[in-house]
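Heads up: the structure comes next, in structure tokens.
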4 protein chains.
Amino acid sequence: MSQKISVGILGATGAVGQRFVQLLEGHPWFELTHVYASERSVGKTYAEAAQWRMESALPKHIGAMPIAACEPTGELPRVVFSALDSSVATEVERAFADAGCAVVSNSSSYRMADDVPLIIPEVNPDHLDVIRAQASFKNGGFIVTNPNCTTVGLTMVLKPLHDAFGLKSVSVVSMQAASGAGYPGVPSLDLIDNVVPYIPGEEDKIYTEPNKLLGTLENESVHHNDIPIDATCNRVGVRDGHLEAVSISFKSPPKDSGEIIEALQSFCGVPQKNKLPSAPEAPIVYNEDAFRPQPILDRMNGGGMAVTVGRVKESRLFDISLTLLVHNTIRGAAGAAILNAELLKDQGLL
Amino acid sequence: MSQKISVGILGATGAVGQRFVQLLEGHPWFELTHVYASERSVGKTYAEAAQWRMESALPKHIGAMPIAACEPTGELPRVVFSALDSSVATEVERAFADAGCAVVSNSSSYRMADDVPLIIPEVNPDHLDVIRAQASFKNGGFIVTNPNCTTVGLTMVLKPLHDAFGLKSVSVVSMQAASGAGYPGVPSLDLIDNVVPYIPGEEDKIYTEPNKLLGTLENESVHHNDIPIDATCNRVGVRDGHLEAVSISFKSPPKDSGEIIEALQSFCGVPQKNKLPSAPEAPIVYNEDAFRPQPILDRMNGGGMAVTVGRVKESRLFDISLTLLVHNTIRGAAGAAILNAELLKDQGLL
Amino acid sequence: MSQKISVGILGATGAVGQRFVQLLEGHPWFELTHVYASERSVGKTYAEAAQWRMESALPKHIGAMPIAACEPTGELPRVVFSALDSSVATEVERAFADAGCAVVSNSSSYRMADDVPLIIPEVNPDHLDVIRAQASFKNGGFIVTNPNCTTVGLTMVLKPLHDAFGLKSVSVVSMQAASGAGYPGVPSLDLIDNVVPYIPGEEDKIYTEPNKLLGTLENESVHHNDIPIDATCNRVGVRDGHLEAVSISFKSPPKDSGEIIEALQSFCGVPQKNKLPSAPEAPIVYNEDAFRPQPILDRMNGGGMAVTVGRVKESRLFDISLTLLVHNTIRGAAGAAILNAELLKDQGLL
Amino acid sequence: MSQKISVGILGATGAVGQRFVQLLEGHPWFELTHVYASERSVGKTYAEAAQWRMESALPKHIGAMPIAACEPTGELPRVVFSALDSSVATEVERAFADAGCAVVSNSSSYRMADDVPLIIPEVNPDHLDVIRAQASFKNGGFIVTNPNCTTVGLTMVLKPLHDAFGLKSVSVVSMQAASGAGYPGVPSLDLIDNVVPYIPGEEDKIYTEPNKLLGTLENESVHHNDIPIDATCNRVGVRDGHLEAVSISFKSPPKDSGEIIEALQSFCGVPQKNKLPSAPEAPIVYNEDAFRPQPILDRMNGGGMAVTVGRVKESRLFDISLTLLVHNTIRGAAGAAILNAELLKDQGLL
């Protein structure tokens, strides 16, 4: 019998749900035992219910699994990954946590809740302590969240720079991939020969989530940071990989861009030190080629878990500017949650 | 016989050259009489030499025109539009000006020269005075230039805001169309499912050209402005239409975004007042829909000669931010030059 | 007061409905007086109800028109163009015809009905006679249809070849544009870096519709032809313009491809002879360049109403093969219906 | 010391050359020891000379290798893979064969030469015998080729059908990926919102190469088959993966499409039987979903070495039609050559 930790996926048939299935296949610590989806899928097998669209084949044993309703009944897995829409996540995630499950969520529902940690394992693993304030924690149930896809890439780059030079202000213009909107998501007529200069709700998340992530833990509570961040989000005709053109000013500016690059390249966190299974060797890959990063060439760096940075240059208004790339459905969604679960296991919380 | 002013095109067979041919067809003031191209095209007709790629058909009478070498020999047109690469433009444009032609150039060669006006007719028509300092002017020959495509859109939007509120700083992140690199230009493997985060030479032009355009005329010489502008330029998979996400701070900030919109919508210049043939009814079209401007829906506003602005919102770092769109090969290139020539005629300089 | 014929649009807010609005603006014979849409749009103006996505601006007077429900109540226009989904078209179109309107439909509901003519004005204008068999005809109401977008382009090319050489068999592989599925239509994740090799329902229409169009009128009834046609339909990442690779064998084969080209170029029908307003000068444009037709370069030939043909060559299995291009939302949909209405007027049926 | 067979790559810096490098990394039998490129790259390291564009990182030890000129001097590898343009391949490949190397070429130069085998290991491994007729063979040097990318996919599907039912005629319409033209290759302005209906030289190869591949070996010479094949080739906006819509008639038609599918699924050749390292588990993957194969979802089946087939259906003109997909730069180019080399080793010819 498997000694692995049993895990389930809430919203297993959608785009992020499928990415969870793909990334969990062959995972050394976790075994997928439950696939949950909406009522209309219950009674079907996963293969019947999901229109599988990953580039690798659906594993047969997963395809044969029966879909369960999103309710914490019967034997429950230790961990449920949530790929639910925020519209339904609030209620469902709470129910599973109350039933004793570790809910590791990619949904936005609880990200800003005071007693729910918003975690990037390289950035703020200590924030996990917040879960002890959750009522369900005494029964082993709790909710942990990862940030929005654009925030993940941004904050991973901001963290070492904040530690080294102190962030004063941050401006972001994103060029985001179609997969960020799920499937069917963005109509093709919106992206053939076109860019859409607005993504509802996205900019607000970039203003707030990094400030929680870069906040400080005080008495099992996170004191949010108050770095002013401005953002404009665009949708471009790319499948996967969000590009972000970022300008940054510092409280203690580095003397040159070499120090920026040094800070980025030497960044390393708990996932790297403790060799978590999904951790990339280096969380940030710096590429000196002025034409990089590019989605097609760089999004799979570190198995899709590394953020790639290029175009580090002096700015005429800020201290520096740079361009970063994050794989939005791996490091920005399913992979983010899986790394969070690995951190939970590593910290003895599973 | 035609009473129209005879015009020629230098570099007539390339992408911008073809756009000149298209836009000049049926022009009320100008008649295309000369098509100049490189040596290997001489002896062919225009139809034979140009791989016509405009969406409208090549007019037959233009197709039958013989290609001439880029030398000012034989009977010369009054005006030559230059679509030459900057590598050859320096010498050729000077030769035509010395021969008495009005050279209206889209090339970058002379844009920053002290005695050559860099003109957007709505922005700085008075700068035309600078041509009197050119030695060839006494013989009727001179060079007039229009800015880089990205600069045109940006500066048209900055001008009314500068007049109303005084520019303090400007940050630009562009998402530029493939046609900006000409044909063959950008390889398809660079833009299918991809964005390229760098365009060589582009950012430098954005730092300097707007400051010449927004400079003041003093004694037949332009005193450049010194507004700090920062820019990061990206290439996206769009045919035509450069999008620019712009953030701006002012010396005398408006009290709300309504004043910004009012300033943009009331902007109007010599082309509108004197009803130049290629002038759009309004140089700036404001669209309140948060999902606009989009290249596919807005690039042909004003026949491709209007700049479309949307997403005017408060910024957390600057006073405001907005997104603008300019058709890079019409208002940003061939149309820009034709409007400059119309201004010359309007001002009695042809 | 206008002497024009009043027309309405059923399903006016959708993609094809918008194209009707665009093409009817400034029409010399027809005046748009009624815009009909689904219940949820009733009570709004057209500007409020339609998410306008045409490349030209929505005319203000149309934007201000109130949306009416799809019921024949109140004062009715003489003609209603139908852009309805076939799911609702059956009932609604019949109701308007019964109420005395000329229903000129782009829907598939009645295309194959015995008493409803399926018309391409250049191909089978005589089939209009069939409407006399409709019960509503005595009150001035009737239904006329145009074919599926892919069929229109194909049959316009087949008609002159059938007349000249007699069709024996036809094989088609299509590469169809995204707009054929309407908006939102095809998800962008299906067309970025991808082709979808199947379009539900499309191939069946290609088997049957051309045989009705190429059928013969006998006693106010159409005797369908029985030319074997095979088809495979693919969706590609193109906005507008269906390409079709076609192979054809003949009963009396031409001696060379020159005869094919001659037959195509000399093709001319009632729309050209009677100078109908939307008729292209030539229904078929032949382009000898081996790299043509291309959607981006050729779809607007004849204002989007001409079919472009290229690559006419001998086949190793059929007599010849060729590639054709048809603008699927102009000649293949809204423009097709408008030309049908013009034919009705020309034939004294309005 | 390595016991692996030393191999080199001719034209190692180009698009196909890079794919060779990528696929050879970690190969169990072959070790890349020589990278050859044009004169202007000689003296540089591979990392300096190649603009690496694969989605996986360039291995550091390969990046450090010095580029050698395309001449058989110094210590030679046992095998050279050729990714040369046909313009230079003729001379260079002959020189390396004369020097005793096994030249395994993706170039078209010698494909149709009588004494050069054109090989797909699953289709015609026996044709290798032809190399014995090459003068250089006595010294261990010879040339072996793989077919054009479109031909590979087509012929792998035709082979089991030919064996089972006897091919009478074959019609192909291809939708080919941009990478087939190399880098820079096809301009982006040709593929954004567009399809190009012609690929020079491609159709001729489809007429002839499958007939050599499906020919019979007689006295160390290949007797070409004479199956009539017709083809029309299109370029679409896809990065990798050629789709082919194929119609086929048979001498002994199957009674239904089930027999076709059975023949395709049971196809298996020497690479599968002898477990060659690059061999896919099954050379042909059949997908019953009507919307498959799709480039994005299926091109990496079998590591890019399997051909995916879908849409098997009765044709109204042929016996059946189907759609196939082949990864053009893996199974259609570099992977094809590597599998050929593995076959050579397996057959004792290295």
Next on the checklist: Could you order the peptides C:170-183, A:209-222 from most to least packed, using the average number of other C-beta atoms within 10 Å per residue?
Outcome noted: C:170-183, A:209-222
Item to check | Nitroxide proxy distance, nm - points 7 Å out along Cα→Cβ at C:Asn274 and D:Asp114 | outcome: 6.7
Next on the checklist: So the label point sits 7 Å from Cα along the Cα-to-Cβ vector; using that for D:Glu262, what distances do you get to the other copies, in nanometres, sorted shortest first?
Outcome noted: 5.2, 7.2, 8.2
Next on the checklist: Please compute, for peptide D:198-210, the average count of beta-carbon atoms on other protein chains lying within 10 Å of each residue's beta-carbon.
Outcome noted: 1
Checklist entry - Under 5 Å between amide H atoms, partner at least 5 residues away or on a different chain: which partners does A:Ala306 have, H built in plane at 1.01 Å? => result none
Next on the checklist: Using helices alone, I'd like the mean residue ellipticity at 222 nm for the protein assembly as shown: each DSSP H run of four-plus residues gives -39500 (n - 2.57), total over residue count, nearest 500.
Outcome noted: -7500 deg cm²/dmol
Item to check | Where GluC sites (Glu not before Pro) fall in DSSP loop in the stretch B:246-350, at most 10 other Cβ within 10 Å | outcome: B:Glu288
Checklist entry - If you take all C-alpha pairs in the stretch C:41-93, what percent of them are over 15 Å apart? => result 59
Checklist entry - Around A:Asp230, which amide H atoms from residues at least 5 apart in sequence, or from another chain, sit under 5 Å from its own amide H, with H modelled in the peptide plane? => result A:Val170, A:Ser171, A:Val172
Checklist entry - To the nearest 20 debye, what charge dipole does chain C have about its Cα centre, counting +1 at the Cβ of each Lys and Arg and -1 at the Cβ of each Asp and Glu? => result 500
Checklist entry - Calculated FRET efficiency, A:Val42 and A:Ala135, Cβ-Cβ r, R0 22 Å, to nearest 0.05? => result 0.15
Checklist entry - Hey, any idea what Rg/Rh is for chain D, computing Rh the Kirkwood way over Cα pairs? => result 0.96
Item to check | From phi via Karplus (6.51, -1.76, 1.60), per-residue ³J(HN,Hα) for the stretch A:47-63 in Hz, x at Gly/Pro | outcome: 4, 6, 7, 9, 8, 4, 10, 7, 6, 9, 5, 5, x, 4, 5, 6, x
Item to check | Candidate lysines - alpha carbon under 29 Å from A:Lys44, same-chain residues fewer than 8 apart omitted | outcome: A:Lys4, A:Lys60, D:Lys313
Item to check | Label-point separation in nm, B:Glu25 to C:Glu281, each point 7 Å along Cα→Cβ | outcome: 1.0
Item to check | Karplus (6.51, -1.76, 1.60) ³J(HN,Hα), θ = phi - 60°, over the stretch C:179-186, in Hz, Gly and Pro reported as x | outcome: 5, x, 9, x, 10, x, x, 6
Checklist entry - Quick one: in chain B, whose Cβ comes closest to the B/A rotation axis, and how close in angstrom? => result B:Val173, 2
Next on the checklist: Take C:Thr90 and C:Ser56, extend 7 Å from each Cα along the Cα→Cβ direction, and tell me the distance between the two endpoints in nm.
Outcome noted: 3.7
Next on the checklist: What's the total accessible area buried between chains C and D, using a 1.4 Å probe, rounded to the nearest 100 Å²?
Outcome noted: 3600
Checklist outcome for this item: Taking alpha-carbon centroids only, the stretch B:215-270 lies from the stretch A:213-263 a number of Å equal to 27
Checklist entry - Quick one: net charge of A:Phe30's neighbours, Cβ under 13 Å, K/R +1, D/E -1? => result -1
Checklist entry - Near C:Lys275, which aspartates and glutamates are there with a Cα under 16 Å away, not counting those fewer than 8 places off in the same chain? => result C:Glu122, C:Glu342, C:Asp346
Checklist entry - By its C-alpha gyration tensor, with a ≥ b ≥ c as the square roots of the eigenvalues, how is the stretch B:149-327 shaped: rounded for a/c under 1.5, else prolate for a/b larger than b/c, else oblate? => result rounded
Item to check | Average partner coverage of C:294-300, which counts Cβ from other chains inside 10 Å | outcome: 6
Checklist entry - Out of the stretch A:73-127, which GluC sites (Glu not before Pro) are coil in DSSP terms and have no more than 16 other C-beta atoms within 10 Å? => result A:Glu75
Checklist entry - Considering only the other residues whose Cβ falls under 11 Å of the Cβ of B:Ile199, what net charge follows from Lys and Arg at +1 and Asp and Glu at -1? => result -1
Item to check | Of A:Lys138/A:Lys345; D:Lys168/D:Lys255; D:Lys168/D:Lys273; C:Lys255/D:Lys212; D:Lys138/D:Lys273, pairs whose Cα-Cα distance is over 21 Å | outcome: D:Lys168/D:Lys273; C:Lys255/D:Lys212; D:Lys138/D:Lys273
Item to check | Cα gyration tensor category, rounded, prolate or oblate, for the stretch C:44-184 with a/c compared to 1.5 | outcome: oblate
Checklist outcome for this item: Partner shielding of B:227-238, as the mean number of partner chain Cβ atoms within 10 Å, equals 6
Checklist entry - How far is B:Glu55 from the same spot in each other copy, in nm, shortest first, if each label point sits 7 Å from Cα toward Cβ? => result 0.1, 3.2, 3.2
Checklist entry - Taking θ as phi - 60°, what are the ³J(HN,Hα) couplings along the stretch D:325-342 by the Karplus curve (6.51, -1.76, 1.60), each to the nearest whole Hz, with x for Gly and Pro? => result 9, 10, 6, 6, 9, 9, 4, x, 7, 5, x, 4, 5, 5, 5, 4, 5, 5
Item to check | Charge context of C:Ser252, other residues only, Cβ under 14 angstrom, K/R +1, D/E -1 | outcome: -1
Checklist entry - What are the residues whose amide H is under 5 Å from the amide H of D:Val222, where those residues sit 5 or more places off or on another chain and H is modelled from the backbone? => result none
Item to check | Whether the protein assembly as shown is rounded, prolate or oblate, judged on the alpha carbon gyration tensor where a/c under 1.5 counts as rounded | outcome: rounded
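The values are calculated or read from the model by the stated rules, or taken from the named source; none is laboratory data. Keep in mind it's a predicted model, so treat the numbers as computed, not measured. Here the Cβ is made from the backbone with ideal geometry for all residues, glycine too, and neighbour counts use every protein chain on show. Ligands, DNA and RNA are stripped out before the accessible areas are found, and what is left, the full protein with its side chains, is counted by its heavy atoms. Shrake-Rupley method; radii C 1.70, N 1.55, O 1.52, S 1.80 Å.
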